[in-house]
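A.B. asks: Quick one: structure below, then a few questions.
The values are calculated or read from the model by the stated rules, or taken from the named source; none is laboratory data. Since the model is a prediction, treat every value here as computed from it, not as a measurement. Every residue, glycine as well, gets a Cβ built from its backbone with ideal geometry; the counts of neighbours run over all protein chains shown. Accessible surface is based on the protein model in full, side chains and every heavy atom, while ligands, DNA and RNA are left aside. Shrake-Rupley method; radii C 1.70, N 1.55, O 1.52, S 1.80 Å.
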2 protein chains.
Amino acid sequence: MPARRRYQLYYWPGIQGRGEFVRLTLEEAGAPYDDVARLRPSEGGGVPTLMKFLDGEEGGMLPFGPPFLKDGRLVIAQTANILQYLAPRHGLVPAAEAARVGAHQLQLTIADLVAEVHDTHHPIAVSLYYEDQKPEALRRTSHFVKERIPKFIGYFDSVLDRNGGKYLIGRKSSYVDLSLFQLLSGLDYAFPKAMKRIARKLGRLRDLQARVAARSRIAAYLASERRIPFNEDGIFRHYPELDL
Amino acid sequence: MPARRRYQLYYWPGIQGRGEFVRLTLEEAGAPYDDVARLRPSEGGGVPTLMKFLDGEEGGMLPFGPPFLKDGRLVIAQTANILQYLAPRHGLVPAAEAARVGAHQLQLTIADLVAEVHDTHHPIAVSLYYEDQKPEALRRTSHFVKERIPKFIGYFDSVLDRNGGKYLIGRKSSYVDLSLFQLLSGLDYAFPKAMKRIARKLGRLRDLQARVAARSRIAAYLASERRIPFNEDGIFRHYPELDL
């Protein structure tokens with residue numbers, strides 16, 4: 001069998017962000033890929049390479065923003081859309097349509113929560129620094145940790161329960177389990193106190209998170225330099241004053 | 001050919017909201033459907049029927065929230081996921097995978113903008129009334145109308161341009177064109193002044209919006225009682241103080 005054509009992933013080089021959901025799926029798939037903006041310009045990489053797509057200087061469907069994935073001539077943006085494209089090609093989602101539709105539904109719900117996490121530190125505008133919207137961030141976050149985290153966590157726990165308690169969808173690990181791992185890891189980083197308060201609700205989801213972290217390719221990835229540490233430029237940020 | 005099994009759409013009965021994107025696709029498809037929460041209890045309708053799904057008392061994948069669609073035993077939530085399921089069944093998206101992936105990418109970008117529109121009047125918490133977050137709403141909206149509306153509109157105009165200027169994807173009308181119609185109609189309702197300011201940027205998108213409104217099934221739907229008027233309980237709300 002010939003080696004698979006390499007994918008090109010385009011995402012901001014210094015953060016996990018939304019790109020991390022794609023990285024985890026590519027890593028678990030063992031798929032060859034370039035994390036283009038992290039390559040040197042001499043290797044055809046760097047942020048200008050990414051910007052060319054946003055500026056319309058490349059072919060394919062125009063992305064509104066990163067992450068986007070290039071597979072041959074196809075350019076695919078929107079995180080959940082990329083995962084939905086990749087997963088069936090690498091056995092990371094069940095084949096049946098009902099399961100694929102259900103998996104995508106869960107991924108889109110994770111994406112909704114990720115957007116809400118972003119807005120805890122940017123409730124007014126992405127064009128402003130966090131420092132310029134701190135009072136609003138504090139107010140938004142107080143509702144987020146009290147109301148939204150428990151609601152979403154309760155939801156994913158119910159989904160897990162209805163599917164037998166071990167996987168979110170189907171009878172083996174799927175890309176949605178990888179995404180749930182990333183979501184919980186990010187919430188742990190950003191809001192450790194809130195996550196501690198709901199520890200009792202988190203039992204089965206914690207087991208799932210640990211099982212994903214222990215998968216051999218994921219464990220190798222997390223220990224590698226390819227895994228960018230969480231930081232305060234990303235979506236999941238730890239600001240002590242917001243860790244309510 | 002036997003009549004198609006009816007779909008059941010579940011959405012809040014008093015607003016267009018996210019459900020409207022699904023209604024438009026079902027109407028353009030000429031597909032038989034029940035808008036369940038708007039039916040009388042004696043017809044098996046009403047909001048309690050919807051709540052049973054959210055409370056986990058029904059089978060299928062658990063929805064985090066409405067809209068969700070029932071097709072036989074399959075329960076599908078997340079607006080863009082529902083549209084992606086419906087469109088190929090009713091000829092409302094090209095058959096080629098690249099086009100379907102591109103259409104979904106555009107729909108998810110529309111969904112992102114819809115979420116931002118929601119947060120103009122609810123920048124702090126969905127659990128609070130607009131009246132309890134008015135200063136923050138004003139601040140968020142000032143950035144939204146100046147920065148975000150032009151950025152998204154510019155994006156969709158570029159996508160339209162790259163595809164020949166008449167349709168967002170493919171060589172005939174698709175569900176994404178319907179969604180763009182709804183998006184522009186909602187922005188017109190909520191932010192008429194901002195939309196007037198960018199009128200020059202809107203030329204081709206306005207033509208597309210008008211062509212969708214003139215499609216026979218859409219025109220009939222918009223003139224019917226099935227089309228709920230925009231109002232201040234929905235996502236697109238006209239608050240004069242936010243129409244900057």
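A.B. asks: From (1) touching a Gly at 6+ places or on another chain (Cβ under 9 Å); (2) more than 13 Å from every other protein chain (Cβ to nearest Cβ), pick out the condition that doesn't hold for B:A77.
C.D. replies: B:A77 satisfies all of (1) touching a Gly at 6+ places or on another chain (Cβ under 9 Å); (2) more than 13 Å from every other protein chain (Cβ to nearest Cβ) except (2).
A.B. asks: Here's another thing I want to ask about it. Looking at this structure, is A:L108 in contact (Cβ under 8 Å) with a residue 60 or more places away in the chain and on the phi < 0 side of the Ramachandran plot?
C.D. replies: Spelling it out, it is not the case that A:L108 is in contact (Cβ under 8 Å) with a residue 60 or more places away in the chain and on the phi < 0 side of the Ramachandran plot.
A.B. asks: Kindly establish whether B:E225 is free of Cβ contacts under 8 Å to residues at least 12 places away in the same chain and among the acidic types (D, E).
C.D. replies: Yes, satisfied.
A.B. asks: Right, another one. When you check B:A213 against the structure, is it among the aliphatic types (A, V, I, L, M), open to solvent by 30 Å² or more (accessible area, probe 1.4 Å), assigned to a helix (DSSP H, G or I) and away from every other protein chain (no Cβ under 14 Å), yes or no?
C.D. replies: Yes.
A.B. asks: Exactly one condition in (1) among the acidic types (D, E); (2) under 22 Å from B:P150 (Cα atoms); (3) outside any helix (DSSP H, G or I) is false for B:E232; which is it?
C.D. replies: If we test B:E232 against (1) among the acidic types (D, E); (2) under 22 Å from B:P150 (Cα atoms); (3) outside any helix (DSSP H, G or I), just (2) comes out false.
A.B. asks: Would you point out which residue out of B:A95, B:A115 is of a type in the set (A, V, I, L, M, F, W, C) and within 24 Å of A:T109 (Cβ to Cβ)?
C.D. replies: B:A115
A.B. asks: May I ask you to list the residues in region A:70-92 that are open to solvent by less than 20 Å² (accessible area, probe 1.4 Å), touching a helix residue (DSSP H, G or I) at 6+ places or on another chain (Cβ under 6 Å) and aliphatic (A, V, I, L, M)?
C.D. replies: A:I76, A:A77, A:A80, A:I82, A:L83, A:L86, A:A87, A:L92, listed by residue number.
A.B. asks: Being within 11 Å of another protein chain (Cβ to nearest Cβ) and in contact with a Leu (Cβ under 7 Å, 6 or more places away or on another chain) is the requirement here; does A:G72 meet it?
C.D. replies: Against the criterion (within 11 Å of another protein chain (Cβ to nearest Cβ) and in contact with a Leu (Cβ under 7 Å, 6 or more places away or on another chain)), A:G72 does not qualify.
A.B. asks: Still on this model: Under the condition of being facing chain A (nearest Cβ under 8 Å) and either among the charged types (D, E, K, R) or open to solvent by 10 Å² or more (accessible area, probe 1.4 Å) (or both), which residue from region B:93-102 is farthest from A:A96 (Cα to Cα)?
C.D. replies: Of everything passing the filter in region B:93-102, B:A98 is farthest from A:A96 (Cα to Cα).
A.B. asks: Checking B:S173 against (1) of a type in the set (G, A, S); (2) open to solvent by 30 Å² or more (accessible area, probe 1.4 Å); (3) within 18 Å of the chain's Cα centre (by Cα), only one condition comes out false. Which one?
C.D. replies: All conditions pass for B:S173, except number (2).
A.B. asks: Also: Would you check if A:S179 is in contact with a Phe, Trp or Tyr (Cβ under 7 Å, 6 or more places away or on another chain), surrounded by 15 or more Cβ atoms within 10 Å (Cβ to Cβ), at pLDDT 95 or above and part of a loop (DSSP other than H, G, I, E, B)? It would help to see each step written out before you state the result.
C.D. replies: Values: in contact with a Phe, Trp or Tyr (Cβ under 7 Å, 6 or more places away or on another chain): yes; surrounded by 15 or more Cβ atoms within 10 Å (Cβ to Cβ): yes; at pLDDT 95 or above: yes; part of a loop (DSSP other than H, G, I, E, B): no.
Answer is no for this residue.
A.B. asks: Restricting attention to region A:114-138, which residues are more than 20 Å from the chain's Cα centre (by Cα), surrounded by fewer than 17 Cβ atoms within 10 Å (Cβ to Cβ) and at the interface with chain B (Cβ under 8 Å from one of its Cβ atoms)?
C.D. replies: Those that are more than 20 Å from the chain's Cα centre (by Cα), surrounded by fewer than 17 Cβ atoms within 10 Å (Cβ to Cβ) and at the interface with chain B (Cβ under 8 Å from one of its Cβ atoms): A:S127, A:L128.
A.B. asks: Further question: What number goes with the only condition from (1) open to solvent by 10 Å² or more (accessible area, probe 1.4 Å); (2) closer than 20 Å to A:P63 by Cα; (3) in a helix (DSSP H, G or I) that B:L202 does not pass?
C.D. replies: Among (1) open to solvent by 10 Å² or more (accessible area, probe 1.4 Å); (2) closer than 20 Å to A:P63 by Cα; (3) in a helix (DSSP H, G or I), the lone unmet condition for B:L202 is (1).
A.B. asks: Would region A:139-161 turn up any residue that is crowded, with 20+ Cβ neighbours inside 10 Å, more than 21 Å from the chain's Cα centre (by Cα), facing chain B (nearest Cβ under 9 Å) and among the hydrophobic types (A, V, I, L, M, F, W, C)?
C.D. replies: No, that holds for no residue.
A.B. asks: Does B:Q105 qualify as being polar (S, T, N, Q), within 11 Å of chain A (Cβ to nearest Cβ) and surrounded by 24 or more Cβ atoms within 10 Å (Cβ to Cβ)? Steps first, please.
C.D. replies: Values: polar (S, T, N, Q): yes; within 11 Å of chain A (Cβ to nearest Cβ): yes; surrounded by 24 or more Cβ atoms within 10 Å (Cβ to Cβ): yes.
Yes.
A.B. asks: Looking at (1) of a type in the set (F, W, Y); (2) away from chain A (no Cβ under 14 Å); (3) open to solvent by 20 Å² or more (accessible area, probe 1.4 Å), which one does B:Y167 not meet, given that it meets all the others?
C.D. replies: Going through (1) of a type in the set (F, W, Y); (2) away from chain A (no Cβ under 14 Å); (3) open to solvent by 20 Å² or more (accessible area, probe 1.4 Å) one by one, B:Y167 breaks only (2).
A.B. asks: Are there helices (runs of 4 or more DSSP H) fully within region A:88-172 with at least 3 residues that are over 30 Å from B:L242 (Cβ atoms) and modelled with pLDDT of 95 or more? List them.
C.D. replies: Ranges flagged: A:97-121, A:149-162.
A.B. asks: Also, quick follow-up: Within region A:1-45, work out how many residues are surrounded by fewer than 19 Cβ atoms within 10 Å (Cβ to Cβ) and hydrophobic (A, V, I, L, M, F, W, C).
C.D. replies: The total comes to 4.
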